């Protein structure tokens with residue numbers, strides 16, 4: 001999967017935030033307003049690039065037709081069962097440990113921070129699920 005540009009990452013973060021907060025993706029206009037893009041065609045172009053890189057899929061000409069890929073959901077700790085979240089946490093920890101074990105002089109901080117944030121999000125979701133079951 002290809003990497004996102006800073007602008008594409010910002011757009012994906014907004015989409016994920018909206019899904020987390022409201023349970024559905026933003027509209028093209030909402031994305032445009034957030035990103036300072038006046039034309040929905042401009043938003044369409046950005047979404048198309050993010051889609052080609054495998055982070056989302058888009059059903060065009062459908063209201064709120066953006067769907068996050070399973071990799072994106074895992075990365076942000078969304079819609080995963082507790083078992084899948086535990087697996088995601090374990091994978092994130094393994095990635096960080098591998099970097100440390102390899103003795104890299106300069107850690108890939110963006111990957112390590114992203115993995116740690118994903119692990120933290122997953123652990124919070126697991127804790128919340130456990131608390132709901134206990135109540």
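Values for this structure:
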{"item": "Some residue of segment 50-64 being at pLDDT 65 or above, part of a loop (DSSP other than H, G, I, E, B), assigned by TED's automatic domain parsing to the domain that holds residue 12 and in contact with a strand residue (DSSP E or B) (Cβ under 6 Å, 6 or more places away or on another chain)", "result": "no"}
{"item": "Count of segment 11-49 residues which are touching a helix residue (DSSP H, G or I) at 6+ places or on another chain (Cβ under 6 Å) and part of a loop (DSSP other than H, G, I, E, B)", "result": "3"}
{"item": "Evaluation of residue 12 against (1) surrounded by fewer than 16 Cβ atoms within 10 Å (Cβ to Cβ); (2) in contact (Cβ under 8 Å) with a residue 12 or more places away in the chain (one fails), failing number", "result": "(1)"}
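The values are calculated or read from the model by the stated rules, or taken from the named source; none is laboratory data. Computed from a prediction, not measured in an experiment: that's the story for all the values here. When we count neighbours, we look across all protein chains shown, and the Cβ atoms used for this are built from the backbone with ideal geometry, even at glycine.
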